[in-house]
Amino acid sequence: MTSTGYNQALINYWMGITILINAYFFIEMVLYFIVFNFAWIWQEKRSIYFEFLLQVIAIYAETLFLSSSFTRVERGISLCCIVFLLRTLRLLHLLTEISYFKMIVGTFLKFNVTFFTMILTLYTVVLIFTEIGMIFFAGEITTNSAQTRNFQTPPLWYLMNFNDHASSYITLFHVMIVNNWFITVDMYCTVTGNDWPRLFFALFWIFSVCMMLNLVISFVLEVYSSVVEEMSRDFSKRVFINNLKAKVEKNILDVTVTDIVEGLPFESSEKLRQMIQT
């Protein structure tokens, strides 16, 4: 242990391990740029550019190890940990070989401007009701307000308030998923002394759930069904190609046009039949 507050030998050991690991990924990155052109890498292997960014961060972190300041060394260790953590995300690529996970990823990749417009509209509805709730209910719900004298209201339910934006979002989300919504509505009716908060929360649920949230869910289900259909077609084509390759490898040369047509998916086989007839 040195006077600077850390073990220099241990720092040197981990710096050596870090350099070896980064050197391995650096060589991999360089080989990709040598073997393949930039256009192919940009279209098929964009993770290489992500690795390039990690290499820059790792090199900067390794330079911090040489500093005599404990704060800079600590920052270098933190950056190296972040780089290692981000590199492990590359393992997620293996999950794409799992059909169900591939369907989920394909669904997310097909989200377009229409989907994000729906999400933005849903957020706008929540924001409008948040502002209205803060106008009428800000400061009404506290630890000493009227709901504390109602034994039907749980002790911590005062957290469902409109005293600020964060609490308002949580309150409306809690009503949107109908999680003991009646307790919240009764609490506001008790505090205000009238029943008009029921109308406020009912209108919010109609606009947010019955209209916008159902549109978002229906859009997601439609995209998911299209992804499943595409994957089933790709799987059928892959099975056909594998069967055809197996016949060729076994020197079975009497593969007829009928065998090829019957092995194709319905849409492709119909197109092939039309081509043969013409």
### Query
Yes or no: Thr71 in a helix (DSSP H, G or I), β-branched (Val, Ile, Thr) and either closer than 30 Å to Lys102 by Cβ or touching a helix residue (DSSP H, G or I) at 6+ places or on another chain (Cβ under 8 Å) (or both)?
no
### Task
Just need a number here: residues in the stretch 65-89 that are under 15 Å from Asn22 (Cα atoms) and not hydroxyl-bearing (Ser, Thr, Tyr).
12
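Within the stretch 9-46, can you find the residues that are in a loop (DSSP other than H, G, I, E, B) and under 28 Å from the mean Cα position of the chain (by Cα)?
Lys45, Arg46, listed by residue number.
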### Query
Would you pick out the residues in the stretch 67-108 that are surrounded by 13 or more Cβ atoms within 10 Å (Cβ to Cβ), among the hydroxyl-bearing types (Ser, Thr, Tyr) and touching a residue at least 12 places away in the same chain (Cβ under 8 Å)?
Thr107
### Message
I'm told Met176 meets every condition in (1) outside the structural domain of Glu131 (by TED's automatic domain parsing); (2) surrounded by 14 or more Cβ atoms within 10 Å (Cβ to Cβ); (3) not β-branched (Val, Ile, Thr) except one. Can you identify the failing condition by its number?
### Response
(1)
### Message
Residues to consider are Val185, Val191; find the one that is of a type outside the set (S, T, N, Q) and without any contact (Cβ under 8 Å) to a residue 24 or more places away in the chain.
### Response
Val185
### Message
Against the condition part of a helix (DSSP H, G or I), aromatic (Phe, Trp, Tyr) and under 30 Å from Val216 (Cα atoms), how does Phe108 come out, does it pass?
### Response
yes
#### Entry: Leu253, sole failed condition from (1) out of contact with any Gly (no Cβ under 8 Å at 6 or more places or on another chain); (2) at pLDDT 85 or above; (3) of a type outside the set (Val, Ile, Thr)
(2)
#### Entry: Odd one out for Thr142 among (1) within 18 Å of the chain's Cα centre (by Cα); (2) not in a helix (DSSP H, G or I)
(1)
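The values are calculated or read from the model by the stated rules, or taken from the named source; none is laboratory data. Just so it is clear, the structure is predicted and the values come from calculations on it, not from any experiment. Cβ coordinates were reconstructed from backbone atoms using ideal geometry, including for glycine residues, and neighbour counts include every protein chain displayed.
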